[in-house]
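We did not get these values from a lab; they are worked out from the coordinates using the rules stated. Since this is a predicted model, take the numbers as computed values, not measurements. Heads up, the Cβs are rebuilt from the backbone with ideal geometry, glycines too, and the neighbour counts pull from every protein chain shown.
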């Protein structure tokens, strides 16, 4: 007889499976931010005809006690519940279900009594015993006494009084409050939820090279010169200032203007070739100032209600201190020399890649973590990670969870422009936010497909797209060709399709001179000092400012998963909405995707989704221009001129009454 | 520094995820039969630009060594491999992937050389070292020597010879044979595969009550009287003889004819009310004979190349020995009496349900297992389980795996007609086969939807539908109304839509007299002796015989997942095909679903799937009638008379040549 496993513990009494969300069988955590709710559903059932009850339970990992909320049955054995997270910390949830003897008794009693059976002494005794047992379980004196009273009533009741008691809501409530969980089944594994701070989901980013802060043609700015640029960004409504690497730049094989393999004296070098005699990843480039200057700047930024994001680029110049201190961390040729980066036939002789599988990998990985923690100590709470897809996924998963265990407020943005599954794996493995393909999604079909995948599939649980309109490496063809209207259009899309977005400085000035035939900037500030008038004519700073204000004032635009696309009778106009669940904030966005021509057409407003009756007039107010229109029904006309009005961002206002002469909306 | 977890073991170097098949995150095993292959795919990728290799590995659980087969990359980081199972046993598989340094070297070398670079001394030295290391790993002397030779050649080669060597297939093969698996990643958890014997997937079942074997009006037959019925079933082509319970039938509250609550003297009782003074689940009803008689019958059936399936019905009559020996295994009223089965307001006073959560549950569960093992000792290898959905899923999962650990040839069929998720959970939990909703799927839409779900979704990996045309409990309305054509039609559907099917005896005689308004047999033999002429006029035994022969001779009909539905321009005609992968056996089935009228229409043969050119004539031979037609192209006409020819079961024959006067097909 092999009863060993049976005597160890009870096997599950309830089947709980097909959880949603449940990423790769619980392998990866789900992401939420503080204040966001999470709807969870699962198949819950057991054999026979017994009644079930189920709870959703969640807690901060490491805490003994659970928050609980009852789940409710939908149809076809599907149950649903909602949990809320109020703390920036790693959480976990599970489902607990059990045969509810009292509910079974209630149903059985009602059936028998309903069929005309009045000989129910046995059933009443059974009910009385169930209630008495529950009374014995109750630790609240008042509940215990009430239950004992009910038990006695059932004991002496006739069938008719019994039927009343079986339906008594007070008794039902007391019985539900003290359930018999002896045979409960708990779902395993517990599902982890990374609960980030709110800024992980909603923020506007502004990227600039600190050395370009003042736009001087032949010299770089220092940290202490950056406040002008920062105040300008704040005025435009940005929350995050993102700096490319601020560390000492290597001299050996330093690149010159426009990525030339030789540099001239005075060329400032590429900030991504990190490390010189002035230090490595824990130092600052002397041309930018000192670490004290950086600390001063962090405080200045913080005092403005903003924060700094730093670049975490694991590149070493041949002058990086690691090269001498830890030569075993690099790749070596048979002759013992260190290998530079290559993507044959291209060579990157100014950069040595690190070997993450070096025999000394434990110390290398630890050192990378220490770099992050060093800047955390200096007040940085956001890291934009350069090319994470060229380092092991396991490294990121380990490093991010290590850092966030003590610092759950640290945000990591993955700058991976690579194959789709790698992008997803990096996000699942821990990155708070991810760069996306947005930059290359221009047509209505492309945008609809991609945004639907991001916001309406399983990706919404782990992949938060941070939409950049441009980067120092990417000047999209559309911006090159489309002129100022293209910049307006891409701003509206980035700012309203998703919740977190960014621009790389110069975008607001509509800079768009490329290296011919390439999606790269000519005379890029990656390689040289760059002269700029930050208020040059034709800039779109007002437009950006308005959009950031609109985002801030409309809760619907601060939610990620509420994006819905709608029909418009013109392939050049994209139409989407974002609405809060309570419908107190409904935003309609209509964008002309044609940078050259005015486009018009009929748009189909999903009024039934907004609980608007077909005959009810409603007002749409363009939050950019202030124009108001009274619309009725689904089908309404729009016309968009890419130069003067490339998009409507409408707030829908409902009819509240009439003041005699006019209809009033609110 | 928290390096503890890092120093324990290497973290994975390759991402392996999104396995298919992978049931509930590996919670449940996949089902195959001996000789069946299993195609497995997964996302496999790692950081950077390194080349990967991946193996699929599988073995019998408990064996140290793996079978291996290389996986091949498809697109978008998806890899695929195939494993084969040759033993009736529990198996497991996993995927192993690693950075393939030599493949990476080959690709890099080819790129550099292809770009015109001939200064490749370092690269050649690197290649030479890789090959030398592999030689050191090789344990086969000949391989080791060849590798060392290649290593030396690379060491002294110039760039051009190096390019030749980098492409040398012999060297590639040797390097692939001795891979460097130091940094390999293995997928966890291992995925279990229950490999059943072939009869789990392909068989025809014939159910009869042994007491009705001779069709006597006022007395029952015994085991020793059953050979006539069995030989008849064999002649019709059935493989499995399935008996309702053969155990002693209770006397207390014994049911009479047509489920009357009182019985007359001489009424034989319902075989599902198990247990009397003559014993319980390990005994046989004395009216059927002795255990020796049963053993004799098992041998007789086996000698005919058939086998017996027994019913496992966990019902106890009030006279069952358990009631006295283990009263604690039952449910009790407050007054201490044992509760009979109820489904309010219905009462089943002849049956006591067992309490699977009794405090003595370990002994109850063990005893249930012992019942199965008792009959296994008596040569029974198939159990049809009555109402498994009223016992805990955990019980079945435990019991079936316990039995199959020592007896992997035991087949369990779940007789659950209940909610879809419970039916799926029972199959996932271990049942080899499952009853289905087939009995109630009659229209083209219903059959297409249901069969597509069974054979084309994840269900194909764990749920094997055993299609019964009827059961002692179910006389479908269609058979009641549709007469003989309905019986023909439902036979064709059951026999060709799936691989394992069954009929309950009397079906071949087109018995269809119901309890009015219900899907139940009038004067059911569940409650009484039943007179029958087993060769009554109008029977469809010849038709059944032909279909079973066709099934046996056509491999395409013995496969489960190859079912495809096709268009026909008539909603009353169902058209589907089954073809082997190599296309050496292609079956087309066209069924008139209308029991009353001749239906005709154009059917669209998916000739491109069968590699038939649009201009090529092909022959379809009706395997039921022997009629042959020459068809061409997709669209071909069919006409089906429900009385004389309710269906075509065509075998497609390809053109092989012309003998001058006529086209020859094979």
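Can you list, shortest first and in nm, the gaps between the label point of residue B:377 and those of its counterparts in the other copies, using a point 7 Å from Cα in the C-beta direction?
Label-point distances to the other copies, shortest first: 7.4 nm.
Could you tell me the calculated FRET efficiency between residue B:260 and residue B:533, based on Cβ-Cβ distance and R0 = 45 angstrom, to the nearest 0.05?
E between residue B:260 and residue B:533, to the nearest 0.05, is 0.95.
In whole angstrom, note down how far apart the Cα centers of the range B:80-103 and the range B:586-641 are.
Centre-to-centre (Cα) distance: 41 Å.
Given R₀ = 30 Å, FRET efficiency for residue A:110-residue B:453 by Cβ-Cβ distance, to 0.05?
Computed FRET efficiency for residue A:110 and residue B:453: 0.25.
On average over all directions, what projected area in square nanometres does the range B:324-369 have, based on the convex hull of its Cα atoms?
For the Cα atoms of the range B:324-369, the hull's average projected area reads 3.9 nm².
Could you please state, rounded to a whole Å, how far the C-alpha centre of the range A:353-373 is from the C-alpha centre of the range B:131-180?
Going from one Cα centre to the other spans 33 Å.
Rounded to whole Å and sorted largest first, list the principal axis extents of the Cα atoms in the protein assembly as shown.
Extents along the principal axes, in whole Å: 114, 90, 63.
Need one number: % antiparallel among DSSP beta bridges in chain B, to the nearest 5.
Antiparallel: roughly 70 percent of the beta bridges in chain B.
Please compute the modelled spin-label separation between residue B:481 and residue A:121, points set 7 Å along Cα→Cβ, answer in nm with one decimal.
4.9
With n ≥ 4 as the cut-off for DSSP H runs, can you work out [θ] at 222 nm for chain A, using -39500 (n - 2.57) per run divided by the number of residues, rounded to the nearest 500?
Calculated at 222 nm, the ellipticity per residue is -8500 deg cm²/dmol.
Please report, for residue B:417, the nm distances (one decimal) from its label point, 7 Å out from Cα along the beta-carbon direction, to the equivalent points in the remaining copies, shortest first.
Taking the point 7 Å beyond Cα along Cα→Cβ, the inter-copy spacings are 6.2 nm.
Put a point 7 Å out from Cα along the line to Cβ at residue B:287; what are the distances to that point in the other copies, in nm, shortest first?
List, nearest first: 10.3 nm.
Sort A:612, A:314 so that the residue with the fewest other Cβ atoms within 10 Å of its own Cβ comes first and the one with the most comes last.
Ordered from fewest to most neighbouring Cβ atoms within 10 Å, A:612, A:314 come out as A:314, A:612.
What distance in nm separates the simple spin-label points at residue A:625 and residue B:609, each placed 7 Å from Cα in the Cβ direction?
With each label placed 7 Å out from Cα toward Cβ, I get 5.5 nm.
What is the distance, in nm, between label points placed 7 Å from the Cα along the Cα-to-Cβ direction at residue A:419 and at residue B:662?
Distance between label points: 5.6 nm.
Quick one: in the range A:47-174, what % of C-alpha pairs are over 20 Å apart?
56
By its C-alpha gyration tensor, with a ≥ b ≥ c as the square roots of the eigenvalues, how is chain B shaped: rounded for a/c under 1.5, else prolate for a/b larger than b/c, else oblate?
Cα axes put chain B in the oblate bin.
Considering Cα pairs under 8 angstrom that are at least six residues apart, work out the relative contact order of chain A and quote it in whole percent.
Worked out over chain A, it gives 10 percent.
State the residue of chain B whose Cβ is nearest the axis carrying B onto A, and the distance in whole angstrom.
Taking the axis that maps B onto A, the answer comes out as B:25, 1.
Going by Cα centres, the range A:194-211 and the range A:526-551 are how many Å apart?
Each part reduced to its Cα centre gives a spacing of 18 Å.
Once every Cα of the range B:309-386 carries one equal point scatterer and solvent is ignored, give the base-10 log of I(q)/I(0) from the Debye formula at q = 0.16, 0.20, 0.23, 0.27 Å⁻¹, two decimals.
For the requested q values the scattering log ratios are -0.67, -0.96, -1.15, -1.33.
Grab the beta carbon distance between residue B:347 and residue A:156, set R0 = 22 Å, and tell me the FRET efficiency rounded to 0.05.
Efficiency computed from Cβ-Cβ geometry: 0.25.
Give me A:83, B:595 sorted ascending by neighbouring Cβ count inside 10 Å, so fewest comes first.
A:83, B:595
Tell me, B:46, B:324, A:546 in order of fewest to most beta-carbon neighbours within 10 Å?
Lowest count first: B:324, A:546, B:46.
Classify the range A:564-665 as rounded, prolate or oblate, taking a ≥ b ≥ c as the square roots of the eigenvalues of its Cα gyration tensor: rounded when a/c is under 1.5, otherwise prolate if a/b is larger than b/c and oblate if not.
Since a/c reaches 1.5 and a/b is larger than b/c, the shape of the range A:564-665 is classed as prolate.
Please work out the ratio of the alpha-carbon Rg of the range A:101-177 to 2.2 N^0.38 Å and round it to two decimals.
Rg over 2.2 N^0.38 Å, computed on Cα atoms: 1.02.
Share of antiparallel DSSP beta bridges in the protein assembly as shown, in percent to the nearest 5?
70
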